[in-house]
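Any read-out appearing in this document is the output of simple, stated calculations on the displayed coordinates, not a laboratory observation. Just so we're clear, the structure is a prediction, and the values are computed from it rather than from any experiment. Cβ coordinates were reconstructed from backbone atoms using ideal geometry, including for glycine residues, and neighbour counts include every protein chain displayed.
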Amino acid sequence: MPELYVLLVAMIAAAVVAIEIKDLLAAAVSLGMVGFSVSIAFILVQAPDLAIVQIVVEVLTVVFFAAVILRTTHIAPDAGRRIRGEMILPVVVFGAFALFFFGLAVQVFRELPPFGSPQMWVAAHYITAGLEQTGAANVVAAIILDYRAYDTLGEAVVLFTAVVGVLTIARQFGRKGREGNGGE
Amino acid sequence: MIPLLACVLLILLGFYAVIVKRNIIKIIIGFSLMEYGVNFFFALIGFKRGALAPIITDTTMARNFVDPVPQALVLTSIVIGLATTALMLALAMRIYEKYRTFDITEIRKLRG
Amino acid sequence: MTTIVQTVSGIVGGMMFLFGGYVVLHGHLTPGGGFAGGVIVAASFVLMSLAFGSVEDSERSSYRFSSFFESLGGLSFILIGLFGYFAGHAFLNNLWHAVGQPLRLVSAGIIPLANIAIGIKVGAGLWAIFLALGASRFAMKD
């Protein structure tokens, strides 16, 4: 389907812009562009649940990035374009790993069933028996809250831990010697 | 196979940002790109040509659906990705308050 | 923020909260569910906070409000799981799945209740993260 390929090109281009651009706020906005393209692509592969979650999560991600960037600084002080000696080793290691990983991916994807015909062994039972066994019309909701409810419990715990972590690290009140805005 | 390879390319771009870049915000952007790529890869694995979204609208319909199991796995992963990105950003904010820079080569001096 | 922004944000924020509640409640019938609806509710709170700004003590009470609701959401999810345990089946078993007819609002047993608990938890958690990153202080500058 040609729309999917257009979105993939937009995704990769926005990702390259987000990595290479100097202004940090523009990089956060480019990351938002990647998230939007992923969300529209989720609709094209018939996953409306994921599209809704991806759009709102990506908007909140850009808001969080902008909050932290505006509190601290704007411009990435990456010193110019000259190739420094200490940058050669990471780039070479990354290049070798990328070639190896990409080649491995091409070999492995030949073993998969062709794109557009999944195996669906577990899903066949969920689709045919889902409505009678759980009573929910949304098969994805039936899976995450009835057949695989432990995963949702695990997600709730992880989210709670992350929120406690953020509240502890970035706490404004109760720290000694802090007043007003931090980090001018 | 080409959309799957494009996902691998997105993951590799995120990995490049984590390994090579020196600014902490760029490293966090790389992690976020890797998460987007992995989530999209899972959704692509379950795609079936000519099938519908897995919502039953009528009890007598022909259930020609895409695979709902990868979608169920990715649904929680997207929200967890947001929470971990926020945690990394809080750490980056504290690092800036202490060292006044986002450059990781200068933070290694372990001042204070 | 200016008067135009505050007026429009007041109206739109209320509609977003209502829409988020709709997505949470109809999670077993239409796409969405607890996670999507919870993040939409958090986004409505973020919009209100950015438009109207905040002063020091209202932020403190917002912290307590959001952490109370996050703990409430997490504990209710576990309590809903314990319903299944005390009824003699496994933990997080779907009781009452035959109550009501399929494709109506009252159906699917504990799935709507679990959706509400998850929606409250995710919404309050993300709102607490936003408050902790201190982003609401920006609105006070202009």
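Side notes on the structure shown:
- Cα convex hull of the range A:1-76, projected area averaged across orientations, nm²: 4.7
- Net charge of Cβ neighbours under 13 Å - reference A:Leu104; Lys, Arg +1; Asp, Glu -1: 0
- Rg/Rg_globular for the range C:67-119, with Rg_globular taken as 2.2 N^0.38 Å and Rg from C-alpha atoms: 1.20
- Inverse of mean 1/r across different Cα pairs in the range A:119-174, Kirkwood, Å: 13.6
- The range C:3-140: relative contact order in percent, alpha carbon pairs under 8 Å with at least 6 residues between: 34
- Both the radius of gyration and Dmax for chain A are 22.2, 65 Å, in that order, over alpha-carbon atoms.
- Förster radius 56 Å - calculated FRET efficiency between C:Val8 and A:His125, Cβ distance, rounded to 0.05: 0.70
- Helix-only CD estimate at 222 nm, as mean residue ellipticity for chain A, using -39500 (n - 2.57) per DSSP H run (n ≥ 4): -23500 deg cm²/dmol
- Pairwise Cα inverse-distance average, inverted: Kirkwood Rh of the protein assembly as shown (Å): 23.0
- Over the range B:9-66, relative contact order from alpha-carbon pairs under 8 Å, at least 6 apart, %: 27
- Exposure proxy ranking for A:Tyr147, C:Tyr22, based on other Cβ atoms within 10 angstrom of each Cβ and starting from the fewest, stands as C:Tyr22, A:Tyr147.
- Label point distance in nm, B:Leu91-A:Leu70, each placed 7 Å from Cα along Cα→Cβ: 2.6
- For chain B, the equivalent ellipsoid derived from the alpha-carbon gyration tensor has semi-axes of 40, 16, 7 Å in decreasing order.
- Cβ-placed point charges (K, R +1; D, E -1), dipole of chain B about Cα centre in debye, nearest 20: 560
- The order of the peptides A:129-137, A:51-59, C:101-109, A:106-114 by mean Cβ neighbours within 10 Å, most packed first, is A:51-59, A:129-137, C:101-109, A:106-114.
- Shielding by partners, peptide B:7-17 (average Cβ within 10 angstrom, other chains): 6
- Of every Cα-Cα pair in the range C:3-140, the percent that sits beyond 22 Å: 46
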